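Data block below; observations after.
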Amino acid sequence: MSASLATRRFVAAFLAAGALVGAAALPASADDHRRDRDHRAPHSSIVISDVQYGTGSRDRSDRALNREWVEVENTGRRSVNLRGFTLTDRQGNRYRFGDFRLDGRSSVRVHTGQGRDTRHDVYQDRRHQIWDERDTATLRDNRGNVLDTDSWNGRRHHRNG
């Protein structure tokens, strides 16, 4: 009888310890999930995949301005219409997509300068660089939800999404 009682006490203590560990881990897990949502909408296949920021030169030719771009990728299989999606920098400069369908598993580069829009390149028609060597690109859907962010600091490129 005493062995059975000792076994029951051991099992009860083991289960109680497991419940405490589980309860302690829950807030950290939920907090991590909330942090991820601040940077990226759940289940979004539209992400920032690459960035080429400006050199800081005073050259305002379209050739120089178009060497800086942000690449937006559709990682999903289905095409997505990006109408109303926005891409902003840290200073609040904003590019709003028109009626643009991004095919599944493809990408589009959003160039700063002027040019003719194609399936893989669109242009902001700006006359000055906007992506600095220390900046953040934020991609939002047509409802204003943050889909992805990407930050960089000079030579060091830091991905947030």
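The values are calculated or read from the model by the stated rules, or taken from the named source; none is laboratory data. Since this is a predicted model, take the numbers as computed values, not measurements. Reconstructed Cβ throughout: ideal geometry from the backbone, glycine too, with neighbour counts over all protein chains shown. Just so you know, the surface numbers come from the protein's heavy atoms only, side chains and all, with ligands and any DNA or RNA stripped out. Shrake-Rupley method; radii C 1.70, N 1.55, O 1.52, S 1.80 Å.
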Notebook entry, point to check: Any idea how many residues of segment 130-143 are under 23 Å from THR55 (Cβ atoms), in a loop (DSSP other than H, G, I, E, B), in contact with a Phe, Trp or Tyr (Cβ under 8 Å, 6 or more places away or on another chain) and not acidic (Asp, Glu)?
Noted result: 1
Item checked: Matching residues in segment 55-71 - criterion: being touching a Gly at 6+ places or on another chain (Cβ under 6 Å) and among the polar types (S, T, N, Q) -> ASN66
Item checked: Residue satisfying all of: in segment 84-103; of a type outside the set (Phe, Trp, Tyr) and over 18 Å from the mean Cα position of the chain (by Cα); surrounded by the fewest Cβ atoms within 10 Å (Cβ to Cβ) among these -> ASP99
Check: Are there any pairs, at least 6 apart or on different chains, whose C-beta atoms fall under 8 Å, with the first in segment 61-86 and within 15 Å of ASP117 (Cβ to Cβ) and touching a residue at least 24 places away in the same chain (Cβ under 8 Å) and the second in a helix (DSSP H, G or I) and open to solvent by 10 Å² or more (accessible area, probe 1.4 Å), and if so, which?
Finding: none
Next item on the list: Consider TRP69 carefully, then state whether it is surrounded by 21 or more Cβ atoms within 10 Å (Cβ to Cβ) and out of contact with any Leu (no Cβ under 9 Å at 6 or more places or on another chain).
Entry: yes
Checklist line | Boolean, SER44 is assigned to a strand (DSSP E or B) and touching a strand residue (DSSP E or B) at 6+ places or on another chain (Cβ under 8 Å) | finding: no
Check: If ILE130 passes every condition in (1) open to solvent by less than 80 Å² (accessible area, probe 1.4 Å); (2) at pLDDT 95 or above but one, which one does it miss?
Finding: (2)
Next item on the list: Mind listing whichever residues of segment 139-152 are of a type in the set (Ser, Thr, Tyr) and touching a helix residue (DSSP H, G or I) at 6+ places or on another chain (Cβ under 9 Å)?
Entry: THR149
